[in-house]
Structure formats: C-alpha cells, structure tokens
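Novice: I'd like to ask you about the structure that follows.
The values are calculated or read from the model by the stated rules, or taken from the named source; none is laboratory data. Keep in mind that this is a model prediction, so the values were computed, not measured. Neighbour counts are summed over all protein chains in view; Cβ atoms, including those assigned to glycine, are modelled from backbone coordinates with ideal geometry.
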Amino acid sequence: MVTDVDPGKPEGINQAVSVSRELDLMAADFPEKEHEMYRFLRQHLPVSCMVEGMRGGGLFANGATSSWFFARYEDVAYAFHHPEIFSSQIGLPFIPQGVDPPEHTEYRKIMNPWFTQQVLTPLEPRIREFANELLDKMLEKKEFDLVKEFCEPFPIFIFCQVAGLPLEDLPKMMRWKDVFVHGMRAGKAEELGLGIPTDEAGRPQLQALRQVLAEATQELYAYCTVLIEERRRYPREDILTKLVQARYEGTRSLTDEELLQTLHLFILGGLDTVTGTLGLIMVFLTEHPEKRREFIELMDDEARVTSAIEELVRFTSIVSPARRVTRDYNYRGVQLREGDLVVLSTPSANRDERLFENPDEVIFDRHPNPHLGFVVGPHRCLGMQLARRELRIALQEIHRRMPDYVLKPGEKPGVYGGGVKGVDHLRLAVGAG
Amino acid sequence: MKVRVDREKCEGHNRCYMACPEVYKVDEQGYAFVDEEEIPGALKEQARRGAEACPENAITVID
C-alpha cells in the first residue's frame, strides 16, 4: 500500500494525502504498519491533517476544527519547546501535564526533587528484590504471560511504595487506570465490562465513554480525598505527604483540587507507561534473539547498559502527546488555526532518518541519541529517572533468570497502538531445552 | 576545553550526568551543573559525549 512516490507530481500528493487519511492510531492493525506510514509521512507530508485518526483524541477535541500530525523530529521537538503556541491545555484535568508555563514551572519546582537520582538510588535494592519475587512466582511455570505476571505489577508496586499508596488497594487503582487509559480502545471497553455501546468497528461511543470516565474520576477523587486527609493528620515519608505539605511559590498549600489532579496524573503515569515500554522492549527481544544475546553480554556493564536502555526507549517510544494551537499560526506553510489539535509523534520523530542513522535498527551503543522518548522541553517526563531504573533492573533480572525464553507456539504478542502504546499480552515459554 | 551548561535550557534529562558523572552534576531539582568548566585532558572525550547526549542542546563545548 505505501510505496515511494514523487511528491512533485499531483498523483504523489494525492497518495500522500490518502496515507494521512489512513492514519488512525487506534486501528487494530496500526502497530503493524505504523513505521512504514511514519516514514512515508516524514518524507512526503511531515505536517499532515488527520481525518479518521486519533479517535481517542477525539474525546478531548472539544471544538477543535482540525487535528494535525507532526512526524519529523525537528517539528515534534519544536512544538514541545514552544508551549506558548502548542499548549498542553487540551482539557485533561491533570497537574502538571495539562498546565502551561509559568504555572507549570511552579508545580515542577515542587515535584522535581521527588524523582531525582539522589532520592531514587537508595530504592534500587528493593526494586531488584521485588523483580525477583515476581520472577520466582512466574518461573514456577513453564509458560506464562509476561505482561500480566511482570510488566503490569512491577511498576505499580514500586510506584505505590514511592507514592505511599496502600498496596491492598492495587486492584482498585488498576481498574481506574484501565478505564482511563484503555476504555477508548476497540474491544477493550467490552473486556473491562464498562457497558458502553460500541459502533460497528467495536469502538466505544464517545458520549457514553465520557460518562463512564467522569464516574471513574469521581470514584478516584473520593478515594484520594481520604488518603489526603490521612496524610494531613499523620504525615509519613512518602510523596502523598510531600504533596500535602508542598508550598506553591513557597507560600500557599495546594488546594484539594490541585492535589487530586496531580494524583490522578501520577496514577496514570506511574501505572501504565513503564508497563507499555517494558512490554514492547520484551516483544522486540523475544523476536530478535541475536539482539537479546547482545543485551545479555552488555547488561552488567553500567555505562553500556545505560546507553542500551536509552536506545530501547528510543526504539519503542510509546507516547504521541496532543497539543492545542493557541493562535492562528503558519507552520511550514500549513495554516494552523487557534484551537486545532496537534499530535506530536515521538514514535515517528525517534525514527527520523534526518537525525538517526539506521533508525529502524537497535544499536545499543548509539551515540549521540537525543531521542524524545521521554519528551523534551518543560513537560519532559517527571518520572523518567525512576522509569529508567525500573527498565534497567527489570531487563537485567529477567535476562539473568530466564535468558532462553521463546514465544509460546502459535501465539502473537498483543501489541496495541494509540496515544500511549503498549502490549496486552506476551505469552512466553521457558525451559523447552 | 571548557563546557558550559545553559541552565535556562536544561530540563533535567540527566543524560550528560549518565555519560560523564565526573564532570556533570545534578542539583536537587534534577538540573545539570558543572563545578569546574575547565575539563582536564583525561575527561575531555567523555565530557564531550555528555554534551552531545543532551536532547535540549543545553551544553556548549568550547575548545
């Protein structure tokens, strides 16, 4: 379907436009063809208008007339660096993600110190221990779903420890996370039992989905309100306590609304992104045993494993954040209108051949590697140092304990696309001899 | 050789620190700084790699 065209000819332009019309990040078959499409768009239509695409984004596209897709590194990075034109205020009730500078800067000043190397290094032994507890349990079997048994519980447990969320409430939080993050996916709403009517493509109806999301948000807020009250009375050594004790601009406490909007985001960020990235990395290493061997060779060398993790994050890049255009703005000859949505594709930017040599290859010692996997500019991932540590430790321990895994015969990894990519299941077998 | 960290541009990726912790330090906000701009011979190459690793182009190398 996607072949090379001459953009100088009218049929070339038409083909480029027709590719952009197929750009539907939520489509079931999208993961198989995404990089082929991205490569084409980077070449022929770096700023393209999305028609069918990003249905999930439609949820937040209140009043937006058009949605645009940025495919090249340079453009994606530019937008991340210019929040005054490409605003994060797209209607998500999240702090600090859905806020622009200068307010955003103040929130980040409060939160940045919670996730620095100095704070996280002492946690490392506990993280490693927990990875092994999960592996002990999983490896009692010869066949297992790595996503369910490792990729999902691993980051959640660590996040709960850091944040001070009670472990016995994990199932509740998982459920909310699933509703928020996966409720809009075809088939998934049904699996989650959300009772949302779907269209012929199996996608949940927007209005009904909004209702379900609003209800889940209320439940989550009610739950968090209790935790916040507890920490006000009985402070502890955790992020919840630090949140209630925080001073905005050094003067006032955060309001209940601010606290809830922050916790809401932390739960989504802490519960889903490492799961997705780790899952996709493991899919890659399952399908490329030669790369797996290479990884195992280098994984105990601190400098080499550090750069290998960066490369795997570049290669798997899971997020395509949206921004709202703040004013009519001509960008690269395209007239963007105030209120338009722009999708900034880190999966595409991180494979941009203008910046990365052999972008579709995993080169563990790639340098330089200024990838956008954690996003750049003011909204770069707050938890990235934690995420890197989790990924490194998880991959080291998995490969120490079970270097010879294979895909269970007859199985395919359950990779899904969207604004945040991930893997539903990865069924593996070990000890086949 | 000197290196200079533009604190306005730094967003706390820590990639300079990961490449060359001997030169690049991280403050309590997670942002990079250097104690000594002048880089000793033995660390030159590593310091340069640290600068090149920055996705914000926040580090300048002055030869």
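Novice: Consider region A:93-110. How many of its residues are among the aliphatic types (A, V, I, L, M), in contact with a His (Cβ under 9 Å, 6 or more places away or on another chain) and within 19 Å of A:Val342 (Cα to Cα)? Even if it seems obvious, please write down each step before you answer.
Specialist: First, pick out the residues of region A:93-110 that are among the aliphatic types (A, V, I, L, M): A:95, A:99, A:110.
Retained after the next criterion (residues that are in contact with a His (Cβ under 9 Å, 6 or more places away or on another chain)): A:95.
Keeping just the survivors that are within 19 Å of A:Val342 (Cα to Cα) gives none.
Going through region A:93-110 one residue at a time, the tally reaches 0.
Novice: While we're on this one: Do we find that A:Thr105 is of a type in the set (Val, Ile, Thr), touching an Asp or Glu at 6+ places or on another chain (Cβ under 8 Å), closer than 17 Å to B:Gly12 by Cβ and within 14 Å of chain B (Cβ to nearest Cβ) in this structure? Break it down into steps so the answer makes sense when it comes.
Specialist: Numbers: of a type in the set (Val, Ile, Thr): yes; touching an Asp or Glu at 6+ places or on another chain (Cβ under 8 Å): no; closer than 17 Å to B:Gly12 by Cβ: yes; within 14 Å of chain B (Cβ to nearest Cβ): yes.
It is false that A:Thr105 is of a type in the set (Val, Ile, Thr), touching an Asp or Glu at 6+ places or on another chain (Cβ under 8 Å), closer than 17 Å to B:Gly12 by Cβ and within 14 Å of chain B (Cβ to nearest Cβ).
Novice: Right, another one. I'd like to check something: does region A:143-158 contain any residue that is modelled with pLDDT under 90, assigned to a helix (DSSP H, G or I) and either of a type outside the set (Ser, Thr, Tyr) or at positive phi (or both)? Before the answer, list the steps.
Specialist: The initial filter retains those residues of region A:143-158 that are modelled with pLDDT under 90, namely A:156-157.
Going one step further and asking which of them are assigned to a helix (DSSP H, G or I), we end up with A:156-157.
Filter once more, so that each one left must be either of a type outside the set (Ser, Thr, Tyr) or at positive phi (or both): A:156-157.
Yes; the residues of region A:143-158 include at least one that is modelled with pLDDT under 90, assigned to a helix (DSSP H, G or I) and either of a type outside the set (Ser, Thr, Tyr) or at positive phi (or both).
Novice: When you scan region A:389-411, do you find a residue that is of a type outside the set (Lys, Arg), closer than 29 Å to A:Pro122 by Cα and within 14 Å of chain B (Cβ to nearest Cβ), even just one? Working first, answer last.
Specialist: Quick first cut of region A:389-411, residues of a type outside the set (Lys, Arg) only: A:390-391, A:393-399, A:402-407, A:409-411.
In the following step, the residues that additionally are closer than 29 Å to A:Pro122 by Cα were identified as A:390-391, A:393-399, A:402-403.
Next, only the ones that are within 14 Å of chain B (Cβ to nearest Cβ) stay: A:391.
Yes: region A:389-411 contains one or more residues that are of a type outside the set (Lys, Arg), closer than 29 Å to A:Pro122 by Cα and within 14 Å of chain B (Cβ to nearest Cβ).
Novice: Go through region A:235-247 and count every residue that is over 26 Å from the mean Cα position of the chain (by Cα) and either aliphatic (A, V, I, L, M) or outside any helix (DSSP H, G or I) (or both).
Specialist: 6
Novice: Can A:Asp340 be described as more than 19 Å from A:Phe284 (Cβ to Cβ) and among the charged types (D, E, K, R)?
Specialist: Values: more than 19 Å from A:Phe284 (Cβ to Cβ): yes; among the charged types (D, E, K, R): yes.
Against the criterion (more than 19 Å from A:Phe284 (Cβ to Cβ) and among the charged types (D, E, K, R)), A:Asp340 qualifies.
Novice: Any chance you could count how many residues in region A:189-234 are at pLDDT 95 or above, surrounded by 15 or more Cβ atoms within 10 Å (Cβ to Cβ) and in a loop (DSSP other than H, G, I, E, B)?
Specialist: Total satisfying the criteria: 0.
Novice: Right, here's the next one. Would you please name the residue that is farthest from A:Ile110 (Cα to Cα), looking only at residues in region B:53-63 that are within 14 Å of chain A (Cβ to nearest Cβ) and out of contact with any Cys (no Cβ under 9 Å at 6 or more places or on another chain)?
Specialist: Ranking the qualifying residues of region B:53-63, first place goes to B:Val61.
Residue by residue, here is whether (1) within 14 Å of another protein chain (Cβ to nearest Cβ); (2) over 24 Å from A:Asn112 (Cα atoms); (3) of a type in the set (A, V, I, L, M, F, W, C) holds:
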residue: B:Arg7; (1), (2), (3): yes, no, no
residue: B:Pro21; (1), (2), (3): yes, no, no
residue: B:Gly30; (1), (2), (3): yes, no, no
residue: B:Gly41; (1), (2), (3): no, yes, no
residue: B:Arg49; (1), (2), (3): yes, yes, no
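Novice: What do you reckon, is B:Arg15 farther than 16 Å from A:Met384 by Cα, within 10 Å of the chain's Cα centre (by Cα) and within 12 Å of chain A (Cβ to nearest Cβ)?
Specialist: Taking the combined requirement at face value, the residue does not satisfy it.
Novice: Go over the candidates A:Gln89, A:Gln97 one by one and state the one that is of a type in the set (S, T, N, Q), within 19 Å of the chain's Cα centre (by Cα) and crowded, with 19+ Cβ neighbours inside 10 Å.
Specialist: Working: A:Gln89 fails: crowded, with 19+ Cβ neighbours inside 10 Å.
Answer to the check: A:Gln97.
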